[in-house]
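To keep things clear, I will list the structure first and then write my remarks on it.
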Amino acid sequence: MKIVIGLGNPGSKYEFTRHNIGFRIIDSLARDMGIEFNKVKSYYSLISRGMINNHKVMLVKPQTFMNLSGRAVNRVVSYYKIPLQDLLIVYDDLNLELGQVRIRKKGSSGGHKGIESIMQYLNSEDIPRLRIGIGNPSVNYNFDCVSYVLSNFNNDEEDKIAEVIQLSTEAIKTIIEDGFEKAMRKYNRKLIES
């Protein structure tokens, strides 16, 4: 079984924020698979199960808020005793341009609090991930990182994000069906243009 976990914050207040792009991609994948989410209190998550071709897949949206994502991820991974290479974390990344996707098998947190939490709970950096670029206006002297990631995309960005969500959904399917190497070759150089 493969477990795909999208990171975000629960509640309608955060639904369309930059920080919730992971949730939106997981929702897109669930729609493609024709499956729905159910709340599982013991996992602190919304869970959905289905198939991508002949592969069993579980989709997870932690409900612990971003900075405590590791608590939910650890519960799921521990219960199913899956090796980390069968896990995929989908999340926003300030260090990538808006429209970029990056697939990696492991690496540092890059300062992302959700990934930091997951690495602490799983005691590893060998966590496969799909990073989604949300842009970084840090050249602005008054840049506030927290306010930025909790802000909604503007209308022009939202058009691009719709394409990124579709591209990311296809990338996840490729990872599950054909493996990381093929998915990295196919998607890591792509950039959705304005």
> Restricting to the range 105-131, what's the tally of residues that are in contact with a strand residue (DSSP E or B) (Cβ under 7 Å, 6 or more places away or on another chain), modelled with pLDDT under 95 and under 16 Å from residue 85 (Cα atoms)?
Replying inline: 0
> Can you spot a residue in the range 137-150 that is surrounded by 18 or more Cβ atoms within 10 Å (Cβ to Cβ), assigned to a loop (DSSP other than H, G, I, E, B) and under 18 Å from the mean Cα position of the chain (by Cα)?
Replying inline: no
>> Can you say whether residue 99 is under 20 Å from residue 172 (Cα atoms) and crowded, with 21+ Cβ neighbours inside 10 Å, as far as the supplied structure shows?
In response: no
> residue 96 versus (1) more than 25 Å from residue 134 (Cβ to Cβ); (2) among the hydrophobic types (A, V, I, L, M, F, W, C); (3) in contact with a Gly (Cβ under 7 Å, 6 or more places away or on another chain): which is the lone unmet condition?
Replying inline: (1)
> Taking the range 59-88 on its own, how many of its residues are farther than 20 Å from residue 170 by Cα, touching a residue at least 60 places away in the same chain (Cβ under 8 Å) and not in a helix (DSSP H, G or I)?
Replying inline: 1
>> Any residue at all in the range 42-58 that's modelled with pLDDT under 95 and assigned to a loop (DSSP other than H, G, I, E, B)?
In response: yes
>> Among the residues in the range 41-53, are any on the phi < 0 side of the Ramachandran plot and touching a residue at least 60 places away in the same chain (Cβ under 8 Å)?
In response: yes
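The values are calculated or read from the model by the stated rules, or taken from the named source; none is laboratory data. Nothing here was measured: the structure is a model prediction, and the numbers come from that model. Every residue, glycine among them, receives a Cβ derived from its backbone with ideal geometry; neighbour counts consider all protein chains shown.
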